[in-house]
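Structure first, commentary second.
No value in this document is a laboratory result; all are computed from the given coordinates. Remember, predicted model here, so these are calculated numbers, not experimental data. Note: ideal-geometry Cβ built from the backbone for every residue, glycine included; neighbour counts use all protein chains shown.
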């Protein structure tokens with residue numbers, strides 16, 4: 001029997017976020033399968049396409065991932081010849097990640113994905129912009 005203070009799933013903010021994250025990730029899958037990468041690998045590649053060279057820690061900060069999660073992703077991307085990892089000579093504890101020529105070529109193929117996702121979601125550019133703005137505002141509140 002329901003008690004007045006029992007949390008209900010339909011009243012929770014976390015549940016729609018959970019479902020949307022899962023569904024959006026699934027919507028990316030067919031596009032990413034064409035590139036032979038996972039969604040997590042796609043996130044790493046997008047950060048590298050933007051910044052070209054980053055340390056593992058910098059990638060982790062940008063994607064909110066710890067090095068234990070990131071290291072296996074980077075190893076798989078390196079095995080596919082999309083990135084190269086090097087230890088810094090000045091401090092061998094620091095690992096830098098660089099794009100390879102193959103990794104740069106992958107960027108050209110991936111450029112169509114945002115448009116395909118917008119089409120699949122059936123959102124106008126304005127709706128998409130408003131949604132991203134709202135989500136970023138919430139993320140900033142969470143971070144502070």
Original post:
In whole Å, how far is the Cα centre of segment 72-121 from that of segment 5-60?
Top reply: 15
**OP:** First measure r as the distance between the Cβ atoms of residue 105 and residue 75, then evaluate 1/(1 + (r/R0)^6) with R0 = 22 Å and state the FRET efficiency to the nearest 0.05.
**Re:** 0.60
Original post:
Got a sec? Which residues in segment 87-129 would a label at residue 27 touch, if it sits 7 Å along Cα→Cβ and we count backbone N under 13 Å?
Top reply: 114-125, 127-129
Subject >> Degrees separating the helix 39-51 axis from the principal Cα axis of the chain, which is the longest one >> reply: 60
**OP:** Report the extension gain between residue 142 and residue 57 in nm, rounded to one decimal, defined as 0.36 nm multiplied by the number of residues separating them, less their alpha carbon distance.
**Re:** 28.5 nm
**OP:** Please check which bits of segment 36-71 a label hung off residue 17 would reach, taking the label as a point 7 Å along Cα-to-C-beta and the cut-off as backbone N under 17 Å.
**Re:** 63-65
Subject >> Nearest-ten-degree value, helix 125-143 long axis tilted from longest Cα axis of the chain >> reply: 90
Original post:
For volume of the Cα convex hull per residue in Å³, the listed values are (i) 175; (ii) 126; (iii) 137; which was obtained by calculation from the structure presented?
Top reply: (i)
**OP:** Give the angle, between 0 and 90 degrees and rounded to the nearest 10, that separates the Cα long axis of helix 101-110 from the longest principal axis of the Cα atoms of the chain.
**Re:** 30
